Structure formats: structure tokens, C-alpha cells
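The values are calculated or read from the model by the stated rules, or taken from the named source; none is laboratory data. Given the structure is predicted, the values throughout are model-derived calculations rather than measurements. Note that we place each Cβ from the backbone using ideal geometry, even for glycine, and neighbour counts take in every protein chain shown.
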């Protein structure tokens with residue numbers, strides 16, 4: 001299987017940890033290194049657009065989205081979190097390619113560090129496992145014969161216009 005990874009450069013201290021762990025999770029699960037594509041987006045807001053671009057190539061069985069958003073003192077955080085989440089979900093639904101959500105949404109840098117490899121495991125690794133599972137699920141569903149049979153209809157000949 002082939003996997004695309006979109007990773008934000010913003011908060012790179014965290015996102016690089018997520019990327020390394022996601023990559024490791026894919027390789028440990030049997031993905032070939034040359035079947036993993038990595039694209040870097042400037043920030044989390046750009047992740048959905050980059051993910052959609054990868055999905056539309058039809059080269060990948062799943063896309064892994066990695067980023068880190070830290071709450072600040074303004075409403076900017078809430079706006080970005082909502083748009084990134086909506087955009088990733090919309091891309092997955094509209095392209096039919098599973099997208100795994102590995103975007104951290106944390107109140108503090110300490111929480112982000114914990115979720116990128118310390119106390120709470122690594123969410124990049126978890127996103128990779130989710131992508132593998134969803135790619136396998138999609139493959140299993142699409143390879144099963146349909147339980148719905150198409151009804152045969154008689155072809156209708158087009159009506160001729162009568163001269164008035």
C-alpha cells in the first residue's frame with residue numbers, strides 16, 4: 001500500500017516528532033519506504049489543501065495529516081482548529097481516500113510534547129495505524145461483491161416527433 005503524509009512546518013519541534021513516529025509506524029507495519037510520500041505544508045491551515053492534492057493523484061491508499069496547534073490568547077486558535085478539522089474531513093469524504101487525523105490541538109506546549117512521544121505515546125504513530133486500518137478496510141469493502149443487484153430495464157426507443 002501507498003501512504004501520503006502531510007506535515008506542517010509550523011511548530012516543527014513537535015511536528016517532526018509526529019512525522020518520525022508516523023513514518024516508523026508505517027514501516028514497522030510493512031509499508032515500503034518508497035511507497036511513503038511526504039509533503040510539508042507551511043502551517044496547519046494548509047494541511048487540508050495539501051491532503052486533497054495528494055488524494056486527488058490517486059497514488060495513495062490513505063493520507064496522514066500531522067500538525068500542532070497551540071491555544072493562544074485570541075480566538076484565532078478556535079477558528080483554525082475548526083477549519084483544519086472540517087477541511088481534512090471534507091477532503092476524505094469528497095476524494096474517497098481515507099485521511100488520518102494527527103493534528104494536535106493543545107492548550108500548552110507541554111501537552112503537545114506529551115502527545116508527541118512522552119507521557120501519552122505519539123499521536124503520529126497512532127495516526128499511521130489508523131491510516132493503515134482504514135486503507136485495509138476500504139480495500140476489503142471494495143473487493144467484496146455487491147449485495148445489491150442492479151435491476152435490468154428495457155431500453156426505450158426515443159419517441160419520434162410527429163409532423164403537425
Quiz item: How many residues does region 26-50 contain that are closer than 16 Å to residue 132 by Cα, touching a helix residue (DSSP H, G or I) at 6+ places or on another chain (Cβ under 6 Å) and in a helix (DSSP H, G or I)?
Solution: 1
Exercise. Given the conditions (1) crowded, with 22+ Cβ neighbours inside 10 Å; (2) touching a strand residue (DSSP E or B) at 6+ places or on another chain (Cβ under 6 Å), report the number of the one that residue 48 does not fulfil.
Key: (2)
Quiz item: Quick one: is residue 115 at pLDDT 80 or above, surrounded by fewer than 19 Cβ atoms within 10 Å (Cβ to Cβ) and closer than 23 Å to residue 40 by Cα?
Solution: no
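Does residue 60 qualify as being without any contact (Cβ under 8 Å) to a residue 40 or more places away in the chain, in contact with a strand residue (DSSP E or B) (Cβ under 7 Å, 6 or more places away or on another chain) and either surrounded by fewer than 19 Cβ atoms within 10 Å (Cβ to Cβ) or not in a helix (DSSP H, G or I) (or both)? Show your work before the answer.
Values: without any contact (Cβ under 8 Å) to a residue 40 or more places away in the chain: no; in contact with a strand residue (DSSP E or B) (Cβ under 7 Å, 6 or more places away or on another chain): yes; either surrounded by fewer than 19 Cβ atoms within 10 Å (Cβ to Cβ) or not in a helix (DSSP H, G or I) (or both): yes.
When the stated conditions are applied, residue 60 does not pass them.
Yes or no, residue by residue, for (1) modelled with pLDDT under 95; (2) over 13 Å from the mean Cα position of the chain (by Cα):
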{"residue": "4", "(1), (2)": "no, no"}
{"residue": "9", "(1), (2)": "no, yes"}
{"residue": "15", "(1), (2)": "no, yes"}
{"residue": "35", "(1), (2)": "no, yes"}
{"residue": "49", "(1), (2)": "no, no"}
{"residue": "71", "(1), (2)": "yes, yes"}
{"residue": "94", "(1), (2)": "no, no"}
{"residue": "108", "(1), (2)": "yes, yes"}
Practice problem: Output the number of the condition that residue 86 fails; it satisfies all remaining conditions of (1) part of a helix (DSSP H, G or I); (2) buried (at least 16 other Cβ atoms within 10 Å of the Cβ); (3) at pLDDT 95 or above. | Solution: (2)
Quiz prompt | Filtered residues of region 94-124 (kept if farther than 16 Å from residue 11 by Cβ, assigned to a helix (DSSP H, G or I) and in contact with a strand residue (DSSP E or B) (Cβ under 9 Å, 6 or more places away or on another chain)) | solution = 95
